[in-house]
Each structure stands twice: as C-alpha cells, then as structure tokens.
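**Q** Quick one: the structure is below, questions incoming.
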Amino acid sequence: MSSSPLSERKAVPSIDGIVPPRSPVVYKMVTRHKRWFTHRKLLAWGGIGVVVATVIITGIVILAHRNSSSIPVAISKEANFPLYYPSPMLKGYAYQTGSARLENDIVIYALQDATSKVTVSEQAAPQNPPNLSALIGFTSLKTIAGNAAVGVSSGSNAPVVIIVSNTTLIIMTGQRNMPSDVVSTLAQNMRSLP
C-alpha cells in the first residue's frame with residue numbers, strides 16, 4: 001500500500017486529543033481565500049461609503065442653494081412695496097448670494113450663471129410710470145408681472161427689460177453684448193414674492 005501525504009502526518013498533541021498538522025498548501029489556499037474575501041468586503045464598504053458621502057454632500061449643496069436662492073427675507077421686509085423674483089429660474093442662473101441690498105428705497109440684486117450676470121433693480125411704482133410704448137428701440141413684452149418692454153441700452157449695448165406692475169417698477173439689465181432673450185426670459189418669469 002502506498003502511503004499518501006495525509007497518512008504520513010504526524011500527530012500533534014492537543015487538549016482534546018490528537019490533531020493532525022495542517023498541510024502548508026491547504027493553509028495557503030484558505031488564507032488567500034480569507035484575504036480575498038476581506039478585500040472584497042472592504043471594497044464593498046468603501047463603495048457604500050462613497051455613495052453615502054456623495055448623497056450627504058449633494059444634500060448639503062442643495063440645502064445651501066435653496067436657502068440662498070432668493071432675495072433675503074430681511075430685505076423683503078424692509079421694502080415698502082412687493083418684490084418680484086423669477087420663478088421658474090432660467091436654467092443655469094441663480095441668485096448671486098449676498099448681492100441684494102436696499103438703497104434709497106430701491107432693491108438691487110443680481111442673477112448669474114457661470115459666465116454672465118443680470119442686475120435687477122426694483123422700486124415702488126411711481127404715480128406716473130414710464131410710457132413703455134414711447135421708448136425708442138424697445139418692443140413690448142408679455143410678462144406675468146405686468147406691462148414690459150425689451151431693448152438695448154444706448155452706449156453699453158446691454159439688453160434691458162423694463163416692467164411696470166401695479167405696485168413695482170422693475171428694471172433688468174444684462175451685461176454688454178449679452179443675448180436679449182436671456183433677460184427677456186427671466187423677465188417673463190418674474191413673480192411677486194410672498
């Protein structure tokens with residue numbers, strides 16, 4: 001009878017009795033399998049951690065953006081006339097945080113995207129509002145807020161929209177050489193803040 005490596009094992013004493021020694025080949029295979037299984041778990045938990053961190057960071061960014069997405073309440077309360085703000089906002093544009101201010105009963109704030117900015121000024125509508133149809137180089141524009149006209153300011157070549165609501169005079173000015181449709185779309189979405 002030929003002897004196999006398993007039958008040639010020497011017995012090693014133990015507490016419970018005699019235990020055969022481990023074969024080095026079997027031990028290496030078991031160790032590699034356990035190591036691979038541990039690395040697999042580590043990768044899985046790492047992936048879960050990345051997903052959770054991404055969700056948390058996205059939530060924080062959304063909340064921060066939501067809190068700074070409109071004119072601050074303190075300025076709205078100080079103004080003695082209703083304020084207007086675009087809703088829905090034109091894709092890519094947002095309120096420029098910290099830009100709102102009240103100067104001489106005029107509220108001024110900015111809307112921006114990655115490359116351009118639109119400045120909005122609002123004040124109580126005067127008793128004799130401007131005659132929008134008499135503005136040279138301006139055309140009428142339908143808006144939710146009220147009567148409006150769109151044109152280009154002379155000298156700066158910047159698009160301008162003037163809106164006269166029942167309560168508020170709104171002037172929206174884009175940057176030099178900016179397409180007037182951007183300012184027009186923002187103007188068409190102007191709605192009274194609650």
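**Q** Does L169 satisfy the condition of being touching a helix residue (DSSP H, G or I) at 6+ places or on another chain (Cβ under 7 Å) and either closer than 15 Å to A187 by Cα or in contact (Cβ under 8 Å) with a residue 12 or more places away in the chain (or both)?
**A** In short, no.
**Q** Could you list all residues from region 152-182 that are hydrophobic (A, V, I, L, M, F, W, C) and modelled with pLDDT under 95? Reasoning before the result, please.
**A** Of all residues in region 152-182, those hydrophobic (A, V, I, L, M, F, W, C) come to 152, 158, 160-164, 169-172, 178, 182.
Hits for region 152-182 are V152, A158, M178, V182.
**Q** Which ranges mark the strands (runs of 3 or more DSSP E) fully within region 91-151 that have 3 or more residues being at pLDDT 95 or above and surrounded by 14 or more Cβ atoms within 10 Å (Cβ to Cβ)?
**A** Result: 106-112, 117-124.
**Q** Based on this model, can you work out whether G47 counts as loosely packed, with under 15 Cβ neighbours inside 10 Å and at pLDDT below 90?
**A** yes
**Q** Tell me whether region 150-170 contains one or more residues that are under 20 Å from G98 (Cα atoms) and in contact with a strand residue (DSSP E or B) (Cβ under 7 Å, 6 or more places away or on another chain).
**A** yes
The values are calculated or read from the model by the stated rules, or taken from the named source; none is laboratory data. Please read these numbers as outputs of a predicted model, since none were measured by experiment. Virtual Cβ from ideal backbone geometry, glycine too; neighbours counted across all protein chains shown.
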